[in-house]
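First comes the structure, then the notes that go with it.
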Amino acid sequence: MHAAVSPYHLTSREPPAMAAFLLAESCVTLLPAPEVGATTEEVRGSLLRSPRYRALLDAWSWCEALWREGVVSSLHAGEDAADDVRDEARRIAEGGRLAGLGPLMKPGLFDDPERYLDAVAADVLRAGPDPAVGIPVAAGLDRFAARHGLAAIRPHPASVAQRAEARLTRRIFGMAAPILTQGDGDAILEARRLLSDPLAALRAALAAVAHDASRAEASAAEAIGSTHRDALAAAARGYADGFERRRLDLERLGGADRVRVTHAMATLTGVLLPIDAVVRSALTALRAMGGVPAPAADARAIVPADGARCLLALFVKPL
C-alpha cells in the first residue's frame, strides 16, 4: 500500500502520519516548495524571505530520515501532488457548482509562489484553520490519491467538516493494529526494518483494496470488503503477532532527537470515499455554521481524467 498523508499531520506527529509512515510502503504529502525546477539559489532565497517556511521545515526535521530514504515524498510515479492542489484551487475559483466555497478562497494564492509558500507554511504550522489553504490541499491530495490508487489516511472524525465527510463514506472493513505513537524518523525506519515481513503482507492486502476502491462506485464497498475480508484478516493477525514478537526491540528504539518510542493499538477503518468528499463536506459545514446556502458539489468538477470517482480512506483512531 502507498498512502497519501495530509501535511497538517506531520507537524505534531499525529496518529495518521505515525500510522502511515510505519504501515505504508511509501507516503505522499504536499511539500510546500518553490515552483518545479527551482534552482538551489531560488530555494535558498525562499527560505530567507519566509520565516514561516523556515519554521515549517524545522518543525518537520523529526522525519528528515524518512524523506531522505524516500519513505515520504511529494512525488509518486513522477507526478507532484502540489500540481493537483493548485488545480483544485483553480477549479474552486472557477465557481460553477462549487461557487459556494468562493467566499472562503483567496484568488491567485496558489499561483503566486511567495504568497503560496508563506500561506501554506503558516497554516500547516498552526494546524489550520484557513479554508483557503486547507480545502484545496485536502481536495488535491484526494484527487492525486484516487488517480494513483493510494490510500488516504485520515484521523477519526472530530470537526463539523470531518463528520460531514464521514457521512459520505461506505465502510469496507475494520481492523485493530498496533502503531507507533511517538518516535522520530530514524526510529520509524528501524521499526519498518524489524517488521518488514509482516508489514509486506499487510501492505499487499491493503494495496489490493486501494486498487479496487480507485475503480469503484460508492455502492461497491460491501463487495470489495467481501472480496478481501479473509486476506485482510490474515494479514492483520500476522502483523499484530510480528509486532508483539518485536515489541521489546521496538520499545528500545531511540532516534537522534531522543523522543521515547511509544506504541498503541489503533482501529483502522477502511472506507470508500467519494473523490469530491472534501468539497461536499466543506459546503455542508459552511451551511451548518450559518454560511451562505450553497448547492451540493458536483463530482464531475473534480473527477480525474481516468474516471476514478472513489478512493480508499483509512480512519485511524488510537485506543
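Within the range 1-51, can you find the residues that are among the acidic types (Asp, Glu) and either at pLDDT below 95 or farther than 23 Å from Glu190 by Cα (or both)?
The initial filter retains those residues of the range 1-51 that are among the acidic types (Asp, Glu), namely 14, 25, 35, 41-42.
The answer is Glu35, Glu41, Glu42.
Matching residues to (1) surrounded by fewer than 23 Cβ atoms within 10 Å (Cβ to Cβ); (2) under 13 Å from the mean Cα position of the chain (by Cα); (3) not charged (D, E, K, R):
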position	(1), (2), (3)
Arg126	yes, no, no
Pro129	yes, no, yes
Arg143	no, yes, no
Ser159	yes, no, yes
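So, of the residues in the range 217-256 that are outside any helix (DSSP H, G or I) and either of a type in the set (Val, Ile, Thr) or in contact with a Gly (Cβ under 9 Å, 6 or more places away or on another chain) (or both), which turns out to be surrounded by the fewest Cβ atoms within 10 Å (Cβ to Cβ)?
If we filter the range 217-256 for residues that are outside any helix (DSSP H, G or I), which is where we start, we get 217, 246, 252-256.
Add one more test, that the residue is either of a type in the set (Val, Ile, Thr) or in contact with a Gly (Cβ under 9 Å, 6 or more places away or on another chain) (or both), and what stays is 253-256.
Working: Leu253: 19, Gly254: 15, Gly255: 20, Ala256: 13.
Filtering the range 217-256 for residues that are outside any helix (DSSP H, G or I) and either of a type in the set (Val, Ile, Thr) or in contact with a Gly (Cβ under 9 Å, 6 or more places away or on another chain) (or both), the one surrounded by the fewest Cβ atoms within 10 Å (Cβ to Cβ) comes out as Ala256.
Take Val133 and tell me if it is farther than 27 Å from Glu25 by Cβ, surrounded by fewer than 20 Cβ atoms within 10 Å (Cβ to Cβ), in contact with a helix residue (DSSP H, G or I) (Cβ under 8 Å, 6 or more places away or on another chain) and touching a residue at least 24 places away in the same chain (Cβ under 8 Å). Talk me through it step by step, then tell me what you get.
Values: farther than 27 Å from Glu25 by Cβ: yes; surrounded by fewer than 20 Cβ atoms within 10 Å (Cβ to Cβ): no; in contact with a helix residue (DSSP H, G or I) (Cβ under 8 Å, 6 or more places away or on another chain): yes; touching a residue at least 24 places away in the same chain (Cβ under 8 Å): yes.
No, not satisfied.
Of all residues in the range 110-122, count the ones that are buried (at least 17 other Cβ atoms within 10 Å of the Cβ) and either touching a residue at least 40 places away in the same chain (Cβ under 8 Å) or of a type in the set (Phe, Trp, Tyr) (or both).
Step one: list which residues in the range 110-122 are buried (at least 17 other Cβ atoms within 10 Å of the Cβ), which gives 110, 116-122.
Next cut, either touching a residue at least 40 places away in the same chain (Cβ under 8 Å) or of a type in the set (Phe, Trp, Tyr) (or both) only: 110, 116-118, 120-122.
The number of residues fulfilling the criteria is 7.
Residues that are modelled with pLDDT of 95 or more and in a helix (DSSP H, G or I): does the range 170-185 have at least one?
Looking for residues that are modelled with pLDDT of 95 or more and in a helix (DSSP H, G or I), one finds at least one in the range 170-185, hence yes.
Does Ala176 meet the test of being surrounded by fewer than 17 Cβ atoms within 10 Å (Cβ to Cβ), free of Cβ contacts under 8 Å to residues at least 40 places away in the same chain and either within 17 Å of Cys27 (Cα to Cα) or within 21 Å of the chain's Cα centre (by Cα) (or both)? Don't jump to the end; show me each part of the working.
Details: surrounded by fewer than 17 Cβ atoms within 10 Å (Cβ to Cβ): yes; free of Cβ contacts under 8 Å to residues at least 40 places away in the same chain: no; either within 17 Å of Cys27 (Cα to Cα) or within 21 Å of the chain's Cα centre (by Cα) (or both): yes.
It is false that Ala176 is surrounded by fewer than 17 Cβ atoms within 10 Å (Cβ to Cβ), free of Cβ contacts under 8 Å to residues at least 40 places away in the same chain and either within 17 Å of Cys27 (Cα to Cα) or within 21 Å of the chain's Cα centre (by Cα) (or both).
Only one residue in Ala89, Ala119, Ala93 is closer than 30 Å to Val259 by Cβ and among the small types (Gly, Ala, Ser), so which one is that?
Ala119
Restricting attention to the range 257-283, which residues are of a type in the set (S, T, N, Q) and either more than 30 Å from Asp58 (Cβ to Cβ) or in a loop (DSSP other than H, G, I, E, B) (or both)?
Just the residues of the range 257-283 that are of a type in the set (S, T, N, Q), to begin with: 262, 267, 269, 281.
Residues satisfying the conditions are Thr267, Thr269, Ser281.
The values are calculated or read from the model by the stated rules, or taken from the named source; none is laboratory data. Treat the numbers as computed from the prediction; the structure is a model and nothing was measured. Cβ sites come from the backbone with ideal geometry, for glycine too, and all protein chains shown count toward neighbours.
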